[in-house]
């Protein structure tokens, strides 16, 4: 013990420089900054199943696991359309869901985004010509971002959500007069 203390006194305290932040942390910080600058708060998504087979819902649910960590990026799901910035719809629009979708969309505050998830919501999929559906989501609501796939991967879903935030055709700003960077 005495030798160890003598060595500490003789050499002094040696420490390493703090490591640089991981590139993933830098990307997450930039994304959170962009969301906060655009909305002033976290991006909130209301998810509606308009008549799908639930494959897209399983992939969307995977975004909440620790690997994708959607909430860690500043994006979260909400139960009420009154608290939502984006409406994420899966499945072809069945005739009975059209009114509910329109009411959900109307209940959302402006500015609002609509994200069509999966082949069924984008094009109608195999149900496009069915007597029970109205076809793709675009027949009922205006779509800002379409994420094709049957089902789309969680990575594709995340890319689509991020594309909705940075969509240059219809920027999402809390104040419509604020400039787009």
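How far apart, in nanometres, would the label points at residue 67 and residue 159 be if each is projected 7 angstrom from Cα along the Cα-to-Cβ direction?
So the label points at residue 67 and residue 159 sit 1.7 nm apart.
Estimate the FRET efficiency between residue 107 and residue 27 by the formula 1/(1 + (r/R0)^6), using the beta-carbon distance for r and 35 Å for R0, to the nearest 0.05.
0.60
For a test of the definition: using alpha carbon positions, the gyration tensor, and the 1.5 limit on a/c, classify the stretch 57-102 as rounded, prolate or oblate.
The shape class here is oblate.
Going by a ≥ b ≥ c, the root eigenvalues of the Cα gyration tensor, does the stretch 42-165 fall in the rounded group (a/c under 1.5), the prolate group (a/b larger than b/c) or the oblate group?
oblate
Only the coordinates and a few stated rules stand behind these numbers; no lab work does. From a predicted model like this one, the values you see are computed outputs, not experimental measurements. Glycine gets a Cβ as well: all are built from the backbone with ideal geometry, and neighbour counts include every protein chain shown.
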